[in-house]
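Heads up, the thing below is written out as structure tokens.
Just so it is clear, none of the values below were taken in a lab; they were calculated from the coordinates. Bear in mind the structure is a predicted one, so any value in this text is a computation, not a measurement. Methodologically, a virtual Cβ is constructed for each residue, glycine included, from the backbone with ideal geometry; neighbour enumeration extends over all protein chains shown.
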């Protein structure tokens with residue numbers, strides 16, 4: 001058996017060798033790395049500003065901004081075929097939505113859309129009978145109003161729990177070993193799995 005190399009093989013080797021020289025790495029630093037660094041500072045300015053060691057919301061905002069940037073670029077400039085690429089974009093955008101819902105804490109609003117608005121009354125205070133100079137909050141809610149509000153709060157907690165679980169299912173991705181070998185892979189693939197979101 002005779003092995004032959006195309007002319008481009010030697011050129012590729014020369015390029016690989018050149019890319020590992022000190023002078024090319026210096027060029028790459030100024031041409032690509034530093035501009036990307038400053039663009040990233042601008043892109044991640046909100047999570048950088050809002051990041052605290054004691055709060056996980058800032059960390060989630062880093063993921064949100066990164067996924068927005070990634071999904072936009074995979075959608076517009078990705079090399080992968082549309083069928084699987086667009087499923088990945090859809091999964092990324094759903095993950096972004098779930099992070100935004102969590103960070104904005106809109107679960108009461110979501111529950112109210114399903115069950116109706118919380119019934120809230122203006123605060124009223126009355127004097128405490130046996131403690132002159134003290135006041136206490138008057139409870140104006142009826143039994144039915146209390147029950148309705150309790151349902152809304154419980155539903156909000158359920159939605160939050162469901163969305164939090166969904167976020168990590170999307171990030172984890174599918175177990176490909178459980179795919180049916182008799183069914184086309186693209187029909188089983190849902191686009192989830194952060195480890196596969198690259199181009």
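Using Cα-Cα distances under 8 Å and only pairs 6 or more residues apart, what relative contact order does the chain have, in percent?
Numbers: 145 pairs, mean separation 39.8, N = 199.
So the answer I get is 20 percent.
Taking the Cβ of each residue in 83, 126 as the centre, tally the other Cβ atoms inside 10 Å and list the residues starting with the fewest.
Numbers: 83 12, 126 9.
Lowest to highest Cβ neighbour count: 126, 83.
For the peptides 187-197, 171-181, what is the packing order when you average, over each peptide's residues, the other Cβ atoms within 10 Å and list the highest mean first? Walk me through the numbers on the way to the answer.
Numbers: 187-197: 15.7, 171-181: 11.1.
Output ranking for 187-197, 171-181: 187-197, 171-181.
Rank these for me by crowding, 138, 81, going from fewest to most other beta carbons within 10 Å. Show your work: numbers first, answer last.
On the way: 138 12, 81 9.
Ascending Cβ contact count within 10 Å gives the list 81, 138.
Any idea what diffusion coefficient segment 32-116 gets from Stokes-Einstein, in µm²/s, Kirkwood Rh on alpha carbon pairs, 10 °C, 1.306 mPa s?
Details: Rh = 14.8 Å.
Calculated translational D: 107 µm²/s.
Would you mind computing the Rg to Rh ratio of segment 105-174 from its alpha-carbon coordinates, Kirkwood style for Rh? Intermediate values should be presented prior to the final figure.
Values: Rg = 18.6 Å, Rh = 14.9 Å.
Checking Rg against Rh, the ratio lands at 1.25.
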*Provide, as a two-decimal number, the C-alpha radius of gyration of the chain over 2.2 N^0.38 Å, N being how many residues it has.*
1.66
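Find how much the distance from residue 24 to residue 77 grows on full extension, using 0.36 nm per residue of separation minus their present alpha carbon separation; answer in nm with one decimal. Could you put the intermediate results ahead of the total?
Numbers: separation 53, 0.36 × 53 = 19.08 nm, distance 2.65 nm.
This chain segment gains 16.4 nm when fully extended.
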